[in-house]
Every structure is written in structure tokens, then in C-alpha cells.
Amino acid sequence: MTTTADRLTPAPGSLLTESSLGRDGFLALVDLAAELKAARAEGREVRRLTGKNIALIFEKASTRTRCSFEVAAADQGASTTYLGPDGSHIGREESIADTAQVLGRLYDGIEFRGFAQETVEELAAYAGVPVWNGLTDQWHPTQMLADVLTIRETISPDLTGLSWTYIGDGRNNVARSILVTGAMLGMDVRIAAPGALQPPADVRRLAAGLAVLSGGNTFVTGDAADAVIGADVIYTDTWVSMGEPDSVWDERVELLRPYRVTAELMAATGKATTRFMHCLPAVHDSSTELGQRVHERYGLSGAEVTDDVFSSPASVVFQQAENRMHTIKAVLVSSLVD
């Protein structure tokens, strides 16, 4: 039996950050996801996780991550238990380490979606079973797997030298993950963000080091128009992250209004083949409560992206969303099949 002393290194199959996979490990999961996607579409999927049990811990609300894990597990014959923000004692009446050791004896794997990267790392240190990062404030590795699968499907199977441009809040988890993932895979990664919202120095150093090894390139700028020239992908995210108060909108709109993805910005790439990507949910019109508030308070129809871009043929956002499930399935199969 695994002892507490042994539970200091994440179990094999854990996924805490993109860079922890390495280039080959990352691309192997993308390849497996493509195989599993084709098998499902052709009705030849084989259930390889029958009898496995997976715990899903969510500090933050979710549509795509929760549904992707649940459908992926069900397709493969595994069972899931959802533990929402009010569904367990974790972090309140019981420590992360204690919770990890309990769940590790009951489940074959644990997914965590929440705030601090330290939480998912502590879970992984003590669980004794694979732990997967479904999102933290620092990193979003399962999103990156889906994004790279989508880029391969819609632009080119060969990622080398492809230009991946992120526009908006460069400090958030998606921007950090794009910078590091693209650099690791030999891509030309560009982040366009106002000075106050650019990626932190440690993330930039990590990405730069990975780019040296892969032959990729990283570029951070405050000039959105410059960043999109020749871009194969333009990517953005919501201006205010989950868990932040509405008052943050006032500051973010002032800073990020020049970084909206519009038809004009898409045209500035000089490429008719440029794809638009977004991890969702998106504020692209006034059809939601949040979209209405943005319109009433700031006079904007949509925030980070205009609807004519979001709903255009260049947009592959719903293909991305579907690919969350296929890539998460690859993570589960790779981690849990003996």
C-alpha cells in the first residue's frame, strides 16, 4: 500500500502544467485524441476504462470542463463523482492533503478545477493516483490540448512556425498557457496586451527557454496591429476572469478596449485563412446578462470580440469546445489504462 511518505511526487499520468508533459508527451496526447475522436465518429470506440472511478473537484463553475470529463469518462466506461463548491469539506473543514489521501483510496483519478495552482499540486502530491488540472488561475493545460488539436485540424498538421497570436489580458491562465505551449511546440507565439496586463516575467522566461529548444519564437507587445501581421490564429479570452468582482470591469474595459478582436483586426493579418479561437464563454453580443451589462455600461456590443468575428466562417470556437472532450478523453485513457 502507498504510504503518506510516498505521496510527495505526483502519480504517473498526472497533468499539472503544459510544460510538465514536454513536447513529445503533449503531442502524443493530441495524436491519441485524434484517434479517439475518429473512433467515436466511426462507431468503433473501445471502452478501456470500465470499472474506473473518477472524482471531479470544482471550485469554479464550468460548462465545457465538467461536461467534457463526464462524457469522456462515460464513453470509456468510467464513473464520475462531481464535487462542486459546496459539495465537499475540501479546504474548509478538511485540508487539501487529507482530502487527497481520502479520495486517492476511493478513486482511480482526480480532476481539479479551481483557483490556486498550489492546490492542484498539493492534491497531486498526496493522492497517490493521477491528478489532472482542469484549470487554475495560473495554467489551463486541458484547454491547450484541445486548442492544438483544433489548430492541426483547421490549419496544418505541422505546427512548426505557425503563428499563434493572443490578444487581451496577457496575465491570465489562457495567455500564459498559450505562450508556454506554443513555445514548447516550435510555434511563433505573440501576446498583445497593455503593459499592465502582460505576462509575468517568470512565464516569459520559461517560454523563451522552451522556444530556444524547439526553434520557436515568442514576442510580447502592446501593439495589437503589429502582433497580428501574418497570424494563422487570433485568440482572445474574456476580459474579467471567473471569481473577480464586477468592479474590475471598469478598469479592464479602459485598458482593453483597444484590444478587441474586430473584423478590421482580423483583416490586418493579411491572410484569408486566419482562424479565430476563444476558450469560451465569450462576451460577443448583448444576448446574455453580462453582455447586456457591458452594452449598457460601456456602449459596447460584445466585449473582447465582436459578433461578426465570433459568428464568421473564420471562427472555430465550437470545434475547440468539442475537442475539449476528445483531448480530455486522451488524458484519461493515457493515465488510467494499464
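Read the figures in this text as sums done on the coordinates, not as results from a lab. None of these values were measured; they are calculated from a predicted model. Every residue, glycine as well, gets a Cβ built from its backbone with ideal geometry; the counts of neighbours run over all protein chains shown.
The C-beta contact set for region 202-226 (first residue more than 17 Å from LEU185 (Cβ to Cβ), second residue in a helix (DSSP H, G or I), distance under 7 angstrom, 6+ apart or interchain) comprises VAL220/ARG204; THR221/ALA227; GLY222/GLY195; ALA224/PRO258; ALA224/TYR259; ALA224/LEU265. Every residue in region 14-49 that is farther than 12 Å from LEU145 by Cα and basic (Lys, Arg), please. Result: LYS37, ARG40, ARG44, ARG47, ARG48. Screening ASP202, ASP226 for residues that are under 20 Å from the mean Cα position of the chain (by Cα) and of a type in the set (Asp, Glu) leaves exactly one candidate, ASP202. The residue that is surrounded by the fewest Cβ atoms within 10 Å (Cβ to Cβ), among those in region 21-55 that are outside any helix (DSSP H, G or I) and in contact (Cβ under 8 Å) with a residue 60 or more places away in the chain, is ARG48. Only residues that are under 22 Å from the mean Cα position of the chain (by Cα) and among the basic types (Lys, Arg) were counted across region 229-263, and they come to 2. If you take the residues of region 67-101 that are in contact (Cβ under 8 Å) with a residue 60 or more places away in the chain and hydrophobic (A, V, I, L, M, F, W, C), which of them is farthest from VAL331 (Cα to Cα)? Here the answer is ALA100.
State yes or no: is THR9 among the hydroxyl-bearing types (Ser, Thr, Tyr), surrounded by 13 or more Cβ atoms within 10 Å (Cβ to Cβ) and in contact (Cβ under 8 Å) with a residue 60 or more places away in the chain? The answer is no for THR9.
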